[in-house]
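The values are calculated or read from the model by the stated rules, or taken from the named source; none is laboratory data. Keep in mind the model is a prediction, meaning the values are calculated, not measured. Positions of Cβ are generated from backbone atoms using ideal geometry, with glycine treated the same way; all protein chains shown enter the neighbour counts.
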Amino acid sequence: MSKHCVLGDCYKEYCHHCFPVLNCKKHDICIEQGMFEEYSGYKFNQTINIVVTGCAGFIGSHFTEFILKKGYNVYGIDNLNDYYDVTIKHNNINILSQYNNFTFLKEDIRTTNIINDIKPTYVIHLASMAGVRYSIKNPCLYNDINVNGFYNILEQCVKNHVKQLVYASSSSVYGLNKKIPFCEDDAISTCNSPYACSKVAMELNANTYYQLYNLQSIGLRFFTVYGPRGRPDMAPLKFMSNIKNGIPIDKYGNGTSGRDYTYIDDIVNGIYSSMINKNDIQCEVINLGNSKPISLNTFIELCEKKCNKKAIINQLDEQLGDVPFTCASIEKAKILLNYEPKTKLEDGLQKLYDSL
């Protein structure tokens, strides 16, 4: 076995450093010492390394599993914080750990050196402090993790000549904008939470690093993502679970607020298209949504229908930081990413219900 493994002799069959491959022309160690046949378990893309931050989270775990199935070598990091039940995150890691081409490291994006160590082709940065309401109570935390953590990722991407950086932004950046649908070239001047501000700062920094260092990046503004293994603090999973189990749900406002719910599989496809980047996008922000918003009242009715049970509603005032409406224009995503959401809300909610 070679002594040149970047992980310190991981001894995994698909690692070209541990097992220099015959006729492989991509690695110096293979050219010099090639003696093994290509590992048959992962013939496709096994020499491409990808770093995914936030791999234990909702979107991160789904995307990581998607690319693991395609045979990429994936190095996932997550600090496994307790913003919500950490058992959920451990369960996600257990799913991913079933794949031989997955390596997990419990690390914080503010201090990790994973990109320096692995020197990946792609970095998919999905780690962030999430949640609008929690950010209002903890604004400094959101700036520290989301903004300062992103600086660490950006610096390492530049140093190691990462081919493509894809990072998670949010529909929250549109704030109190009134023009519908939300378009990427709309003015971003009405953010309504520290969380939203941290995402705007990430977009500005990504653009600056492109101008300074020619670092290619795509920021994806996600619109209310839902599906199996979803975040328990978000309405889709919380409502479905509570209604099913006869637990009251909190309803903020009169129910006329609207959201553009987007199923997880459609989001994953959009992230993957951004990573592959067939159109050689240099530096852009792109909406990933469904472009079919519905009101809170209608959403609750759909959840009731799927559960075959009426919701017990705890009526509350509107929450500080919430926005009245979201709706994505996805024309840019269609053109640049060939993005086309396929999952209807009724079908996605059925899949969510079946996973409970």
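Need at least 3 residues that are farther than 30 Å from L204 by Cα per element, so show me which strands (runs of 3 or more DSSP E) inside region 230-338 make the cut, counting only ones lying wholly within it.
The qualifying strands (runs of 3 or more DSSP E) are 249-252, 313-316.
From (1) under 18 Å from N205 (Cα atoms); (2) out of contact with any strand residue (DSSP E or B) (no Cβ under 6 Å at 6 or more places or on another chain), pick out the condition that doesn't hold for I153.
Only one criterion in (1) under 18 Å from N205 (Cα atoms); (2) out of contact with any strand residue (DSSP E or B) (no Cβ under 6 Å at 6 or more places or on another chain) is unmet by I153, namely (2).
If V285 satisfies every condition in (1) over 19 Å from the mean Cα position of the chain (by Cα); (2) modelled with pLDDT of 95 or more but one, which is the exception?
Failed condition: (1).
If Y142 meets every condition in (1) touching a helix residue (DSSP H, G or I) at 6+ places or on another chain (Cβ under 8 Å); (2) among the hydroxyl-bearing types (S, T, Y); (3) surrounded by fewer than 16 Cβ atoms within 10 Å (Cβ to Cβ) apart from one, which number is that one?
(3)
Is there a residue in region 334-354 that is within 30 Å of S273 (Cβ to Cβ) and among the β-branched types (V, I, T)?
Yes, region 334-354 contains a residue that is within 30 Å of S273 (Cβ to Cβ) and among the β-branched types (V, I, T).
Which of the helices (runs of 4 or more DSSP H) found entirely inside region 130-191 contain at least 3 residues meeting this: at pLDDT 95 or above and of a type in the set (A, V, I, L, M, F, W, C)?
149-159
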